Amino acid sequence: MLTRVTPEPLVTDEAVAAVGNPAAGAIGIFLGVVRDNNLGRRVNYLEYDAYPSMAEKVMAEIGREACGKFALEDVAILHRTGRLEIGEASLLVAVSTGHRAESFEAGHWIVNEVKKRVPVWKKEVWEDGEEWIEGPESLGVQAPASMR
Amino acid sequence: MITVLLFASVAEKAGTRRLELPDGTGTTVGDIRDQLVERYPALEPMLPNLLFAVDEEYVRTDAPVRAGQTVAVIPPVSGGC
């Protein structure tokens, strides 16, 4: 399993190599990339903050849980931090599986879990201002009262 | 001492990413939260959405905090795109 939070550009080939496995018949790759608009506003760039050591730990937990839920051979989860320009990749998830269906399902589940609980935050920077985005999918918003 | 880490919107509002608070007998995450709000009243409106971690594990606000531990204040996460 590969998990990493890094200011360096994410390299798809590295993740593919990391999850490569002779038993795999499929490798699923998901790239989250920076979009030039959100909720009708033009976005100039994004700035990502993270708690890197905890983020890598939570990514590893998600990876282990994914291995229990899906027939995964291996998994890689990488998130970039710092300033990202339009079109650059912020999140890279790669999974290797015996057959294709599981690669889509596992990839989808992992990306959703990353958005709920990995301590990474993005700030949108517009022409005329900026704002930290507080994810509607975050545990902190979905929030079981028992967590408080 | 207890180390407190702040991130993203919370760090910006407080104007710092890290501070040290004195530890005491029976200190909980909730106590740390209350001390933070006292020091940085601008954080008060954010409280309902904040989660906390002690030594990199999400915990409830009644969790104890001992000397030498690190408390992280976690605003709603927004990784990915």
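The values are calculated or read from the model by the stated rules, or taken from the named source; none is laboratory data. Values in this document were obtained by computation on a predicted structure and should not be read as measured data. We place every Cβ from the backbone using ideal geometry, glycine too, and count neighbours over all the protein chains shown. The accessibility values were calculated without ligands, DNA or RNA, using every heavy atom of the protein model including side chains. Shrake-Rupley method; radii C 1.70, N 1.55, O 1.52, S 1.80 Å.
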Checklist (1) in a helix (DSSP H, G or I); (2) within 14 Å of another protein chain (Cβ to nearest Cβ); (3) open to solvent by 10 Å² or more (accessible area, probe 1.4 Å) applied to A:Ala101, failing item: (2)
Inter-residue pairs, beta-carbon under 8 Å, first part of a loop (DSSP other than H, G, I, E, B) and in the stretch B:19-38, second among the aliphatic types (A, V, I, L, M) and exposed (fewer than 15 other Cβ atoms within 10 Å of the Cβ), 6+ apart: B:Pro22/B:Met1; B:Asp23/B:Met1; B:Asp23/B:Ala67
Residue list for the stretch B:1-35, filter: open to solvent by 70 Å² or more (accessible area, probe 1.4 Å) and hydroxyl-bearing (Ser, Thr, Tyr): B:Thr25
From A:Gly68, A:Gly129, residue being of a type in the set (Gly, Ala, Ser) and open to solvent by 50 Å² or more (accessible area, probe 1.4 Å): A:Gly68
Selection from the stretch A:19-48 of residues that are open to solvent by less than 40 Å² (accessible area, probe 1.4 Å) and modelled with pLDDT of 95 or more: A:Val19, A:Ala24, A:Ala26, A:Gly28, A:Gly32, A:Val34, A:Val43, A:Leu46, A:Tyr48
Yes/no for B:Val4 being within 13 Å of chain A (Cβ to nearest Cβ), touching a strand residue (DSSP E or B) at 6+ places or on another chain (Cβ under 9 Å), in a helix (DSSP H, G or I) and under 24 Å from A:Tyr48 (Cβ atoms): no
Residues of the stretch B:36-55 classified as open to solvent by less than 10 Å² (accessible area, probe 1.4 Å) and more than 15 Å from B:Ala11 (Cα to Cα), total: 1
Unique match (being of a type in the set (Asp, Glu) and either over 21 Å from B:Met46 (Cβ atoms) or touching a helix residue (DSSP H, G or I) at 6+ places or on another chain (Cβ under 7 Å) (or both)) among A:Glu61, A:Glu131, A:Glu124: A:Glu61
Selection status of A:Glu85, over 29 Å from B:Arg17 (Cα atoms) and open to solvent by 60 Å² or more (accessible area, probe 1.4 Å): no
Tabulated pairs, the stretch A:90-119, first within 22 Å of A:Glu134 (Cβ to Cβ) and touching a residue at least 12 places away in the same chain (Cβ under 8 Å), second surrounded by fewer than 23 Cβ atoms within 10 Å (Cβ to Cβ) and among the acidic types (Asp, Glu), C-beta under 8 angstrom, 6+ apart or interchain: A:Asn112/A:Glu137; A:Glu113/A:Glu65; A:Lys115/A:Glu137; A:Lys116/A:Glu137
Any hit, the stretch A:113-135, residues being in contact with a Phe, Trp or Tyr (Cβ under 6 Å, 6 or more places away or on another chain), within 21 Å of A:Asp13 (Cα to Cα), part of a loop (DSSP other than H, G, I, E, B) and at the interface with chain B (Cβ under 10 Å from one of its Cβ atoms): no
